Structure formats: C-alpha cells, structure tokens
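For reference, the structure is listed below as structure tokens.
Nothing in this text is a laboratory measurement; each read-out follows from the coordinates by a stated rule. Quantities reported herein were computed from a predicted structural model and do not represent experimental measurements. No Cβ is skipped: glycine too gets one built from the backbone with ideal geometry, and neighbour counts run over all protein chains shown.
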Amino acid sequence: MNISDLRRKIENKEARLAVIGLGYVGLPVAALFAESGFDVLGIEIRQERVEKINAGKCPIEGVEPGLSDLLKKVVTEKKLIATADYLQLNDRDVVLIDVETPVDENNIPQYKALRASLKSLFPVLKQGALVIVESTIAPRTMADIVLPLLEQQGKEKKALNDDFYLGNCPERVMPGKLLQNLRTVSRVVGGMSPETADTMVALYQHIVGADLDPTDCITAELVKTTENAYRDVQIAFANEVALICEAVGGDVWKVRELVNKSPGRQMHLPGAGVGGHCIPKDPWLLAYGTRDSELSLQLIPAARRINNSMPLHMTRMLEVALAQKGKSLKKTRITVLGYAYLEDSDDTRNSPSKLLIDHLQQMGAKVMVHDPFVKEYQGNLLDVARQSDALVAMVKHQAYQKADLKKISAVMSDPVLIDGRRIFSSEDARIAGFSYFSLGISPEQSSGKS
Ligand code: SAJ
C-alpha cells in the first residue's frame, strides 16, 4: 500500500488504527478515533488495565469530563478493543505510539518503553503502514532512535516511505481536560516526508477541531519540548520575583497583576513547586537534543533548579513562622494540604508535596497529609489537622478555597498557615486565628506587621 492508498483509506475511515499505550494520552486518543468511526485496537501491557477497558470501565481516575461515558460507548460498539497481544497489530494501517518517555535522576531520557514498543512492532507491522510517535521525545529522537528501529531488526530490513511511513505528532493534553484539549488544541504534525505529514493531517482532522500544522519531525520534536521549557522558565521567573518580593517587602501577587497590565507581559504564577508529567521533564528532553554539540545551556537548567527549590522554600518559611512561636520543626506536627501536582486533579506525578514531606520528615517533623483527590490522603480535614502546629498549603484545590479556616484553627494549637499558592487572604487567615505567611509576600506584610 502506498501513501496515496493509505490517505484514501484514512479519509473514508476504512483504515484500521492501533494505539500502543493506553495511559493518560493513548486512551482518550483511541476513544476519540473510535468515536469518529475508526476501528481502533488498543495495545496495553498491563493486563488488568486491558480487562478494565474491555469492560468499558475507565482506568483513569480524577475529574476527566466525558471520558468514562465515551469509553463505555466505543467499547460497547466494539469500535475500541484493548489487548496485550502485539501480534494483533499485523492488520493495522496506522499505529500511534503513546508510551511514557520519562527522564532519570540525571535528567537523561529513558526510552525503554519506546524502544520495546518499536521492537515488538517491527516484525508484525503491516506493509505500507503509518507509524506516528505521539510521546514527547528529545529533538533528533525520530532520526536517531525511532527510524533505525523500524528500518532494521536482525537481518530483516524495511525501507522508509515504502515498507512504512513515519511521523511525530506530539500531544498537548492536560489532566482534567484530556478530551477537551485533544479536540480543541492545535497540533504540530511532523512527517518524515511532506506527503506523510499531509496524510497525518487527514487523519487528525477526524478528531481535532483546531489548526493542524504540517512540518518535519525535527520541528515537531523541538516545538513540543520548547513550549514546555518556555512554561518552566516563565514559572521560574515568577518564582524568583516571589523571592525578591519576600526579601524587599513586596507582594508578588499584586506585582504580577500590575506587571501583566503592561502590554506583552504574561508573568506566570509563583508557586510551591512545579510537578506533573510534562513541565519538569520536557526541558531536559530539549536540552538532551544538544548533547552532541558544544552548546552549554544556562537558562533552562537554572529554571529547573529554581522550580525544584520551591518546596524547600516552603520549609524555610515554616521554620521562620515556627521560630516566632519559639518552636522548631523537630517534633512539631505539620499538616500538608494537597499532594496532587495540580489543583482538582488526582495526578501525583512529580508532586512538589513529596519533596516537601520528605524534607520535613528529615528535619524531625511529624507530617500528616490531606488531599481530597488522592485516595491515601482523603479524609476529614479537621481530623487530619487536629493538634497540628502548622498547615502548609501546597495545592489550590477548590476544597481548600472553600474551607472554614475558623473551624480548622479551632482544632489546632497556636496555628501557623504557610500558603504556597495564595489560596487564602491574609485577613481571613488572621481573623480565623492563624499566623499567616504567603509565598511571595514578606513575613512582615503577611503577618500584618507592616
Ligand atoms: N505551575 C506554577 N505556575 C504556573 C503554572 C503552573 O507553579 O503559572 C505549576 C503547577 O502548579 C503544576 C506545574 O506547574 O505543579 C505544571 O502545571 P501546568 O499548568 O503546566 O500543568 P501540566 O503539567 O498538566 O501542563 C500541561 C502541559 N501540556 C502539555 O504538555 C501538552 C502544558 O504545556 C500546558 O500549558 C498545560 O498543561 C495547560 O495549561 O494546558
């Protein structure tokens, strides 16, 4: 089958699709293509996940509007079937790869899952099939790693743009808005040839109601990692301004509001840390692309260091607040509000709270954790906070924005409130009986002494 035949089959939805990796990205993608009328095979190595999906049950927890119902519908209609068996890929015209691409403790990309999926795919890949990597990858990964693994295995060889076609179409999803982002956010469509990119546009047009920008693979790899490195640097800037405001007696939240009135400014939100599956990782993927060059990056690594230091800054704020009451961290009881990395989500990957909790425990504090979305930390907030010396607010869950601070303060002893996301107002916290300290506001201003 040549690219024109494939394009025709895609346009009239006869092409048989497969998605390798039914996680936060792969599962909604598979469900959307199934809903649009394609026959979709989902490949998932976790057997329990396969069974759950084939029972029409969504394995993704948290608030994902529409996903559970959509999955149930397409599974019931048998438009989406999950399996762990790679052999079933042999009749698939298009194979999307949505496996994890984490970085290790040295910020080096770990492509184990990507390599494994390509190695399993090679022997069963249908002649003339289109392979699209949706996972986020470092620049040059398509050319240096993906292509060679599809061109040869052992003695068997395959020819690009003849035996198979290849592209990279990075996802732009966000937990809590998986379906919405897939349907409404533009995508960069990188093909190993212009014809492949155009064929990929024809495919994604079935589920994406936004710009589809055809280009080459290196551009697609650079755009995805750059857009997240951009966000990380912007957040780091906001965090450094927060530290400046604390040092000079300012209020970063007011400063940010007024700075953003200046045309062309978009100062991001300072915060207690940067978590999630994208932002902490993608700057390192971008940097990894330069590994064979003489280039030594400055700004992008520095931004990562600043953002990673924010949970420890919360500890320092806590120590200052407790010292004003003649207390030290050792033996105090601290309640951490929020373990997810993002408000109103159950996603705990790279949770900044984990860094804070580990550090507080190393300093000898007894740490309680509450999070309305994370199973092991759900429970009655008053019970968790009871007898605590301090609260550290790490995630701006709606439940905390609506919390009755008076009731919480009443079950604590001489309470301190450290606010890492400006969830509360200084006045409300003080009236409720807390000694209140907010990230980005000098201690004097926070406690109303200035
Ligand atoms: N954060 C800040 N200050 C900010 C924004 C975020 O401290 O101004 C923190 C958050 O608390 C969180 C982390 O950074 O811990 C990441 O937040 P995020 O809003 O960037 O959420 P993510 O990680 O889900 O980012 C995803 C990314 N999307 C993709 O990679 C496809 C990101 O590019 C999007 O901008 C973001 O979703 C979004 O807002 O849609």
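Using unit Cβ charges (K, R positive; D, E negative) and no other charged atoms, how large, in debye to the nearest 20, is the dipole of the chain about its Cα centre?
1160 debye
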Mind listing P(r) for the stretch 84-132? All alpha-carbon pairs, 5 Å bins, whole percents.
5, 20, 27, 20, 12, 8, 6, 2
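With a Förster radius of 30 Å, plug the Cβ-Cβ distance of Q266 and R46 into 1/(1 + (r/R0)^6) and report the FRET value to the nearest 0.05.
Values: r = 39 Å, r/R0 = 1.31.
Efficiency computed from Cβ-Cβ geometry: 0.15.
With contacts defined as alpha carbon pairs under 8 Å and 6 or more residues apart, what's the relative contact order of the stretch 226-301 in percent?
Details: 55 pairs, mean separation 32.2, N = 76.
Answer for the stretch 226-301 is 42 percent.
Counting alpha carbon pairs within less than 8 Å and at least 6 residues apart, what relative contact order, in whole percent, applies to the stretch 328-386?
Values: 91 pairs, mean separation 23.4, N = 59.
Dividing the mean separation by the residue count of the stretch 328-386 yields 40 percent.
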Within the stretch 127-156, name every residue whose backbone N is under 15 Å away from a label modeled 7 Å from Cα of N2 along the Cβ vector.
128-129
Just from its helices, what would the mean residue ellipticity at 222 nm be for the chain, if runs of 4 or more DSSP H residues each count -39500 (n - 2.57) and the sum is divided by every residue, rounded to the nearest 500 deg cm²/dmol?
-11500 deg cm²/dmol
Evaluated at 25 °C with a viscosity of 0.890 mPa s, what Stokes-Einstein diffusion coefficient in µm²/s does the stretch 308-446 have when Rh comes from the Kirkwood expression over alpha-carbon pairs?
168 µm²/s
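For the chain, calculate the relative contact order in percent as a whole number, restricting contacts to Cα pairs under 8 Å that are 6 or more residues apart. Mind dumping the intermediate values first?
Working: 925 pairs, mean separation 54.2, N = 450.
So the answer I get is 12 percent.
What FRET efficiency comes out for I108 versus I431 if R0 is 41 angstrom and r is the Cβ-Cβ distance? Round to the nearest 0.05. Kindly include the intermediate steps, with their values, before the conclusion.
Values: r = 50 Å, r/R0 = 1.22.
The value I calculate is 0.25.
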Between the stretch 1-51 and the stretch 331-404, the Cα center-to-center distance that results, in Å
39 Å
For the stretch 107-168 and the stretch 180-245, what is the separation of their Cα centres, given in Å?
21 Å
Hey, can you grab everything whose amide H is under 5 Å from the amide H of C169? Only 5+ residues off in sequence or another chain; H modelled, so Pro and N-termini drop out.
V133, E134, G190
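Just subtract the alpha-carbon distance of K119 and V411 from 0.36 nm times their residue separation and send over the number in nm, one decimal.
Details: separation 292, 0.36 × 292 = 105.12 nm, distance 5.77 nm.
This chain segment gains 99.4 nm when fully extended.
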Select from the chain the helices, each a whole stretch of DSSP H, whose alpha-carbon atoms run 30 Å or more along the helix axis and whose Kyte-Doolittle mean is at least -1.0; answer none if there are none.
217-248, 299-323
Dipole of the chain [Lys/Arg +1, Asp/Glu -1 at C-beta], most positive-end residue of G62, Y24, F38
G62
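Any of K119/K224; K52/K224; K9/K126; K9/K224; K331/K406 with alpha carbons more than 21 Å apart? Name them for me. Provide the component values of the computation, followed by the final result.
Details: K119/K224 25 Å; K52/K224 31 Å; K9/K126 14 Å; K9/K224 28 Å; K331/K406 25 Å.
With Cα atoms farther than 21 Å apart: K119/K224; K52/K224; K9/K224; K331/K406.
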Once Lys and Arg get +1 and Asp and Glu get -1 on their Cβ, which of P443, Q362, P372 lies farthest toward the positive end of the dipole of the stretch 361-450?
P372
In nm², what is the average projected area of the convex hull enclosing the Cα atoms of the chain?
23.3 nm²
Built amide H within the under 5 Å cut-off of L96, gap 5+:
A18, V19, I20, I132
